[in-house]
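All remarks here apply to the structure that follows.
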Amino acid sequence: MKFAKLLLAGAALGTIGITSCKEGGEKSAEKSADFKFIDRANMDTTVSPADNFFEYANGAWLKKATIPGDQTRWGSFDELGERTLNDLHTLLEDAAKNDKAAAGSKERMAGDFYKSGMDTVNINKAGITPMKPVLDRINAVTNAQQLMDEIALEHTEGLNPAFSFYISPDDKNVTRMITQFFQGGLGLSNRDDYFKTDARSAEIRAEYQKYVQKILQLMGQDEAAAKGNAQKIFNLEKTLAGASLTPIEMRNPQRLYNKFDIAGITKATAGLDWATLLGKLKIQGQDSIIVGMPKFFVELARQMKATPIDTWKQYLAYNAVSDMAPYLSKEFSDARFDFYSRSLRGQQEEKARWKRVIHIVNNAVGDQLGQLYVDKHFKPEAKKRMLELVNNLQETFGERIKGLDWMSDVTKQKALAKLNTFIKKIGYPDKWKDYGSLKIVPDNYVQNVMNASAFEYNYMISKLGKPVDKTEWGMTPPTVNAYYNPAFNEIVFPAAILQFPFFDFNADDAVNYGGIGGVIGHEMTHGFDDQGAQYDADGNLKNWWTPEDSTKFAARTHKVVDQFNSYTVLDSIHVQGELTLGENIADLGGVTIAYTAFKKTKQGQSNEKIDGFTPDQRFFLSWAQVWRGKALPKTSMELIKNDPHSPGIWRCNGPLSNFEPFYKAFNVKEGDKMWRADSVRAKIW
């Protein structure tokens, strides 16, 4: 079940996705007087900082830290996430016991949802029964029109088979919400998993088909039938994958902007009745849509005729049950864990049930849980201090733009106009979502999940024909992450990221600027990375560059691609410089802008050492400990294929190897491994 979320065209900061955590203002007050914001016990000073700064700053931690059995990676983000999960656990346990909470209140809704998810007796007793209405509908399908009607109906329920669909601002007219269709319907992570011939890819495909067969057998099919149907389902997915774009291809927003009127898309995809489809999706009165991958929908239309109805029915039934498996009885959730977590990523133990349920509550009623979290763990002074830092870095970024030697004054003025119109969101929304129409009960987890998904769908559809609501957030407050959204031209910092190692009231400026300052600069730079730079100050996908400046920008970003292509992750596997380009530009901009802003502070202008480190050294050590982490080999392989972020070591070392102040702080010279010739150093913002 996929809960609808605001699609972020910009990339988020974190090395993990939606992950909960605790704010630092209250926590810092509890720290002992000898708490060290830069702890030598985590460092390996036998490594030269000029050779491998990541190892120098984090080496001892890397040697002694173990990845917990229920995790696939472990580092600063994950440690924060675990601490806040415990805080959220306490909040939800208390809410679940609060019999006096009013119906519809945040305590009752979050508490009842959590209580239903922890009721394993009823969940296991129900088995697959909660899915019977959906499966009966699928079984009754007899022709192509009924098939498409069923696919559309399942989208309204949050099951999302065959393609992806959402409502968001029109990239070239962001004052208007528009219906958008994209590729989807695959059980593996991207198209290449279906076609690559290396041993790892072949193993993944074999394990996936076993998983599909397992789900079908749990649904009641005998082994032979399940094996045969699993092959048919895989073949259908492979056909759809063949018409899909790769992750790198999908980074081009212009390529994904294909606007059609209804007659035009109907003609282009012979066999799909778009007018009827839109009606079944509850879309009314729309004269045009955006189709990200027209080739995909041409193939989908072809397969609606070429693939037997029975195969489509098998696909839909499998897709529905697999999607809902985490919320069904143990045998279904175990089967999904065994493939998607154990086989694909190497995770050895499933997370404790309370952790899994909290994740679902956060996704389903995140503003209700978020209010509980903010009331308990977020201090107003944190928001005030954060806004000061954001304003400081925004001013500094503006000064850097004015001083660029490669950009014309014409383009500079437009860049400054965009920078100065950033919307800044810190901590939590000014307006909380109204869940008045959502029914949550304490004793039916699957129904709650389905109700929440239907609510999210209807909430999304209700945006059509209304002014774009720029107060809306794409992340919940208890989230260790941040993001830039190009359509809103906004930078967003949820409450939970405002804690150490990113931010602490008691820390010196070097630590805060190297931590949260780097995050702020990172998100600001997303507005000017290779994707964000294609959007203007109003958020529209519109070229605002002179041709000469655009050429110069491309040449500078190409250096970043070449640099990161050279980094090895596992054996002969390299970072994908094109896939990670936006994040790498943002990291380079983040550390550059944060450092420049830090040098304006009293500490930044001094040479006074703390614990033996100069202010500049503490700044860079703070930057390094933010990216501290390690991952299982299988997880690393999955991330390198799909994640637009580079591995932590290169998020740390990559930008610094381009940055002269780092060279001076740690005496980096030619011949050192961190040293790069000036001719190949990336210098953009």
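The values are calculated or read from the model by the stated rules, or taken from the named source; none is laboratory data. Please read these numbers as outputs of a predicted model, since none were measured by experiment. Note: ideal-geometry Cβ built from the backbone for every residue, glycine included; neighbour counts use all protein chains shown.
Odds and ends about this structure:
- Residue in region 364-374 that is surrounded by fewer than 18 Cβ atoms within 10 Å (Cβ to Cβ) and over 21 Å from the mean Cα position of the chain (by Cα) present: no
- Residue match in region 641-656 (condition: farther than 30 Å from ALA199 by Cα and of a type in the set (Asp, Glu)): no
- Qualifying residue in region 99-110 (condition: part of a loop (DSSP other than H, G, I, E, B) and assigned by TED's automatic domain parsing to the domain that holds LYS282): no
- For region 41-51, the criterion of being outside any loop (DSSP other than H, G, I, E, B), modelled with pLDDT of 95 or more, over 29 Å from the mean Cα position of the chain (by Cα) and not assigned by TED's automatic domain parsing to the domain that holds PRO253 is satisfied by at least one residue.
- Residue within region 332-342 that is part of a helix (DSSP H, G or I), of a type in the set (Ser, Thr, Tyr), under 23 Å from ILE440 (Cβ atoms) and touching a helix residue (DSSP H, G or I) at 6+ places or on another chain (Cβ under 9 Å) present: yes
- MET386 being among the aliphatic types (A, V, I, L, M) and more than 30 Å from THR601 (Cβ to Cβ): no
- Being touching a Lys or Arg at 6+ places or on another chain (Cβ under 9 Å) and crowded, with 24+ Cβ neighbours inside 10 Å is true of GLY514.
- Pairing each residue of region 432-449 that is over 25 Å from VAL321 (Cβ atoms) with any residue that is of a type in the set (Val, Ile, Thr) and modelled with pLDDT of 95 or more, provided the two are 6+ apart or on different chains, yields C-beta distances under 7 Å for TYR435/VAL365.
- For region 260-284, a residue qualifies if it is in contact (Cβ under 8 Å) with a residue 40 or more places away in the chain and among the charged types (D, E, K, R), and the qualifying residues are ASP273, LYS280, LYS282.
- Helices (runs of 4 or more DSSP H) contained in region 479-581 and holding at least 2 residues of a type in the set (A, V, I, L, M, F, W, C), out of contact with any helix residue (DSSP H, G or I) (no Cβ under 6 Å at 6 or more places or on another chain) and over 19 Å from GLY75 (Cβ atoms): 547-565
- Considering GLU203, GLU207, GLU237, the condition of being more than 19 Å from LYS132 (Cα to Cα) and surrounded by 19 or more Cβ atoms within 10 Å (Cβ to Cβ) is satisfied by GLU237 alone.
- Among the candidates GLN146, GLN213, GLN221, residue that is out of contact with any Leu (no Cβ under 8 Å at 6 or more places or on another chain), surrounded by 18 or more Cβ atoms within 10 Å (Cβ to Cβ), without any contact (Cβ under 8 Å) to a residue 12 or more places away in the chain and in the same structural domain as LYS259 (by TED's automatic domain parsing): GLN221
- Residues located in region 131-186, provided they are assigned to a helix (DSSP H, G or I) and among the β-branched types (Val, Ile, Thr): VAL134, ILE138, ILE151, THR156
- The condition of being modelled with pLDDT of 95 or more, surrounded by fewer than 16 Cβ atoms within 10 Å (Cβ to Cβ), of a type outside the set (Val, Ile, Thr) and within 29 Å of ARG83 (Cβ to Cβ) holds for ARG353.
- Of all residues making up region 101-143, the number that are free of Cβ contacts under 8 Å to residues at least 60 places away in the same chain, of a type in the set (A, V, I, L, M) and under 18 Å from ASP323 (Cα atoms): 0
- Residue in region 538-555 that is closer than 18 Å to CYS652 by Cα and either in contact (Cβ under 8 Å) with a residue 40 or more places away in the chain or not assigned by TED's automatic domain parsing to the domain that holds TYR373 (or both) present: no
- Which numbered condition ASP78 misses (of (1) among the acidic types (Asp, Glu); (2) without any contact (Cβ under 8 Å) to a residue 40 or more places away in the chain; (3) under 23 Å from GLY515 (Cα atoms); (4) outside any loop (DSSP other than H, G, I, E, B)): (2)
- Among residues of region 285-297, those that are in contact (Cβ under 8 Å) with a residue 60 or more places away in the chain and either part of a loop (DSSP other than H, G, I, E, B) or not assigned by TED's automatic domain parsing to the domain that holds ASP261 (or both), counted: 4
- Members of region 551-584 that are among the hydroxyl-bearing types (Ser, Thr, Tyr) and loosely packed, with under 15 Cβ neighbours inside 10 Å: THR551, SER566, THR568, SER572
- The set of residues in region 466-513 that are within 16 Å of the chain's Cα centre (by Cα) and among the β-branched types (Val, Ile, Thr) comprises THR476, THR479, VAL480, ILE491, VAL492, ILE497.
- Looking across LEU300, LEU277, LEU316, one residue alone is in contact with a Ser or Thr (Cβ under 8 Å, 6 or more places away or on another chain), part of a helix (DSSP H, G or I) and buried (at least 19 other Cβ atoms within 10 Å of the Cβ). It is LEU300.
- When residues in region 575-609 are screened for being over 13 Å from GLY654 (Cβ atoms) and touching a residue at least 60 places away in the same chain (Cβ under 8 Å), 15 of them pass.
Residues checked against (1) of a type in the set (A, V, I, L, M, F, W, C); (2) in contact with a Leu (Cβ under 6 Å, 6 or more places away or on another chain):
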{"position": "ILE289", "(1), (2)": "yes, no"}
{"position": "LEU300", "(1), (2)": "yes, no"}
{"position": "ILE309", "(1), (2)": "yes, no"}
{"position": "GLN314", "(1), (2)": "no, no"}
{"position": "ALA320", "(1), (2)": "yes, yes"}
{"position": "ARG342", "(1), (2)": "no, no"}
{"position": "GLN347", "(1), (2)": "no, no"}
{"position": "GLU350", "(1), (2)": "no, no"}
{"position": "TRP354", "(1), (2)": "yes, no"}
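- Selected residue (only one of ASP611, ASP616, ASP587 is of a type in the set (D, E, K, R), touching a Lys or Arg at 6+ places or on another chain (Cβ under 7 Å) and surrounded by fewer than 24 Cβ atoms within 10 Å (Cβ to Cβ)): ASP611
- Single residue of ARG681, ARG676, ARG628 found to be charged (D, E, K, R), out of contact with any Lys or Arg (no Cβ under 7 Å at 6 or more places or on another chain) and crowded, with 22+ Cβ neighbours inside 10 Å: ARG628
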